[in-house]
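J.: Take this structure first; my questions come after.
The values are calculated or read from the model by the stated rules, or taken from the named source; none is laboratory data. Computed from a predicted model, the values in this text were never measured in an experiment. Heads up, the Cβs are rebuilt from the backbone with ideal geometry, glycines too, and the neighbour counts pull from every protein chain shown. Accessible surface is based on the protein model in full, side chains and every heavy atom, while ligands, DNA and RNA are left aside. Shrake-Rupley method; radii C 1.70, N 1.55, O 1.52, S 1.80 Å.
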Amino acid sequence: MRIFISADMDGITGITHPDQMFEGRPGYLAGCEAMTADVSAAIEGTLRAEPAAEFVVADGHSQGRNLFIEKLHESASLVCGPMHESVRPLSQAQGMEGCDLAFFIGYHAKAGTPGGLLAHTWAGPVIADVRLNGVSVGETGINAAVAGHWDMPLGLVSGAHDLRPEVEALECGTLFAQTKQSYGRTAALCLPAKKSRETISRTAQGAVEAMRSGGLRPYKPTLPMVMEVDTHRREQADKACRAKGTERAGERTIRVTAESTLQATLTMWEAMCRAQDEPPNWLT
Ligand SMILES: [Zn+2]
């Protein structure tokens, strides 16, 4: 069995603030250690249920170079590097194809979640909301739909308690490992580290067992799928809609209609990368 693990940082054990999440900030290296430990906990739990499992881990936070490969299990390959569409067109789901089961570790609530810990979707300063066939989703729903393209179920998601409703809304049997109870945007009651990782590990084991017993279903939105993004500012939508395959559905809304969830996500991610492009200052 080949497991794809997409790892983000916001929902990791003990993380509540950007100072723990960005290169050059005081808590960053400790944050990287914690992220690596949470992923390793998921791997260890999986191996209890499936000793021959192999892993593809995608570092899906910021510049994509947070995990320590030396500390991951010896059977784990690591997708690392920036998530620009020119090198990682599937962003946090890069490397997923060919796997049997997906885990999302350290994920966070979507943009607009009231009181959501570090809540955002894909690119906080750009995106106000993402909808698949009219249903608002976060990174969990987006990447679960990509996995569904290959009929791959999402077995496990870990993160703060405010992410659980997004996981349950998929109605795919996905198990949830809670690492903390959110108090608001940058504060939470964090579980003791050891207990949090035991939860992740035990839930990963349960996810493999659920897969075997037929308890998991892939998330497959109806096709063709309509994917829409509301940007915060009109100028961001102006730039995004230059990507081929997009249409402008409103002053701040970009729409992609595609025959597969994979194509919709590829096109929309390219559009969102363009939305962030800043022209050189001699042109402004
Ligand atoms: Zn994220």
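J.: Along the charge dipole of the stretch 164-284, pointing to its positive end and built from +1/-1 on Cβ of Lys, Arg, Asp and Glu, which listed residue (Ala193, Ala271, Trp282) has its Cα farthest out?
T.: Value computed over the given set: Ala193.
J.: Each residue of the stretch 17-31 in turn: what ³J(HN,Hα) in whole Hz from Karplus with 6.51, -1.76, 1.60 and θ = phi - 60°, glycine and Pro shown as x?
T.: Using θ = phi - 60°, the values come out as 9, x, 4, 8, 10, 10, 3, x, 8, x, x, 4, 5, 5, x Hz.
J.: Using helices alone, I'd like the mean residue ellipticity at 222 nm for the chain: each DSSP H run of four-plus residues gives -39500 (n - 2.57), total over residue count, nearest 500.
T.: -9500 deg cm²/dmol
J.: Using the Karplus curve 6.51 cos²θ - 1.76 cosθ + 1.60 with θ = phi - 60°, work out ³J(HN,Hα) for each residue of the stretch 183-193 in order, rounded to whole Hz, and write x for Gly and Pro.
T.: Each residue's phi maps through the Karplus curve to give 9, x, 4, 10, 9, 7, 8, 8, 4, x, 4 Hz.
J.: Residues of the chain: accessible area per residue at 1.4 Å, in Å²?
T.: With all protein chains present, the chain gives 42 Å² per residue.
J.: Using unit Cβ charges (K, R positive; D, E negative) and no other charged atoms, how large, in debye to the nearest 20, is the dipole of the stretch 225-283 about its Cα centre?
T.: It works out to roughly 100 debye.
J.: Shifting gears a bit: In debye to the nearest 20, how big a dipole does the chain give about its Cα centre with +1 on each Lys and Arg Cβ and -1 on each Asp and Glu Cβ?
T.: Computed about the Cα centre, the dipole is about 340 debye.
J.: Ok, one more. Among 229-239, 125-135, how do they line up by average Cβ neighbours within 10 Å per residue, starting with the highest? Walk me through the numbers on the way to the answer.
T.: On the way: 229-239: 19.3, 125-135: 16.5.
Highest mean packing first, the order is 229-239, 125-135.
J.: Among Lys71/Lys195; Lys220/Lys244; Lys71/Lys194; Lys180/Lys220, which pairs are too far apart, with a Cα-Cα distance over 22 Å?
T.: Lys220/Lys244; Lys180/Lys220
J.: Name the residue farthest towards the positive end of the dipole of the chain from the options Thr246, Phe103, Gly115, assuming +1 on Cβ of Lys and Arg, -1 on Cβ of Asp and Glu, about the Cα centre.
T.: Going by the charge dipole, the pick is Gly115.
J.: Further question on the same structure: Quick one: 3J(HN,Hα) in Hz for the stretch 195-204, Karplus 6.51/-1.76/1.60 with θ = phi - 60°, rounded, Gly and Pro as x.
T.: Those phi angles translate into 5, 4, 6, 5, 4, 4, 5, 5, 6, 4 Hz.
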